[in-house]
1. Put the label 7 Å from Cα along Cα→Cβ for residue B:43; what are its distances to the other copies, in nanometres, shortest first?
2. Report the Cα-based extents of the protein assembly as shown along its three principal axes, largest first, to the nearest Å.
3. Add -39500 (n - 2.57) for each DSSP H run of 4 or more in chain A, then divide by its residues: what number comes out at 222 nm, to the nearest 500 deg cm²/dmol?
4. At residue A:59 and residue B:97, where each label point lies 7 Å from the Cα along Cα→Cβ, what is the point-to-point distance in nanometres?
5. Over what distance in Å are the Cα centres of region B:76-127 and region A:44-61 separated?
6. Can you list the copy-to-copy distances for residue A:9, using a point 7 angstrom from Cα toward Cβ, in nanometres, shortest first?
7. Partner chain Cβ atoms within 10 Å, averaged over the residues of B:173-184 - can you pull that number for me?
8. Top mean-square fluctuation among A:157, A:70, A:109, Gaussian network model of chain A, C-alpha springs under 10 Å?
DNA sequence: AGAGTGGATGTCAGTGGCTGACATCGCCAC
DNA sequence: GTGGCGATGTCAGCCACTGACATCCACTCT
């Protein structure tokens, strides 16, 4: 067939997750991951910019889902309404079938600070992209950043709960966003 | 006098910032930083868990300021009101005199993705600590996380503006928080 | 079929971040 | 002054990551 098996990156990711889950992240060498699929360390680093990325690469699609949700929003929607739509759209990227995989992946991340760092960074990067999309819709800088970053926060919390509970991510995210808005309203009424 | 000059970590931090600012972060070796103050690379890593930390260590005081602000809040204050107090308290840790130093430091961070990653991570870590303090006050898990994380977002945005504008951080933070609450209220009224 | 091209991989050498183990050095207490 | 002890130095070594160059083979063109 093919000279090189297709989907090299995917095979590396799979092997990496398995090794990380059993042996632990730090106890697993990039060379070992590569060897597990019959490749070289050098090739590993051609597919992933660094060792951590093997667990995170492929989130462009999630970003795309967010952006699709933004584009689908009504032109006169307020920033948080747009974010609500983006969350609905993004939630479709985590159907319940992915939960088992997501769980083992998350358990690896939760056991390693360096991986958590990367995870937070990815979330923040997503927020930055979303903020840019909001600004492109005419939302002003600060409002766009606030709404986008809040969306990321909500997504993060909702995702964590989705891993634990057996409900759909879309439902949980809507609920969490609602709670955020309610909390904010609570603060706005009594003071100032 | 003393066999070892006191404040070794501080001298390392100062030397590191200077080298990073002129030569660049990646072009500066941990060994070079140590040498600049007459020490060894090994000693550098005894003071800082990794190379990046030389720019971030010492933020426990900032966290402390946040927590003080939380403790000072009225017992019946809503989560966001508590966060507002925490922000006021935290803002005192960045008097305007620190702006020049903060600016050069930030310019170094802005030029290096790995440093940005650490910066985001620190913010998130702070948020986690604040969330725990809120929970200790009886706030429920999700609300505590939302409020704390929103506080971190506001702080981050405010800090960025504080670097650019010549106003006090407390003022800017109050303003940004206000905008967040307003945005949230906007979203709560029209829909649902 | 033979020559050539190009993308993915292998090989090798080297840098730098980071660590463990052990030695040293000199203030301080007793 | 002896011994403890905390901060530093020395040394060897692992591993993440990179640049340079060779190789390999499907595919195309002739």
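1. Its label point is 4.7 nm from the equivalent points in the other copies.
2. 74, 57, 39
3. Working: 9 runs with 135 residues, N = 192.
Helices in chain A give a 222 nm mean residue ellipticity of -23000 deg cm²/dmol.
4. Between residue A:59 and residue B:97, the label points sit 4.0 nm apart.
5. If we compute the Cα centre of each part, the gap is 29 Å.
6. 4.0
7. Values: counts 0, 1, 1, 4, 3, 3, 5, 12, 11, 4, 13, 15.
Average neighbour count from other chains, rounded to a whole number: 6.
8. Fluctuation is largest for A:157.
Values in this text are rule-based calculations from the coordinates and carry no lab data. These figures come from a predicted structure and were not determined experimentally. Neighbour counts run over all protein chains shown; Cβ positions are idealised from the backbone, glycine included.
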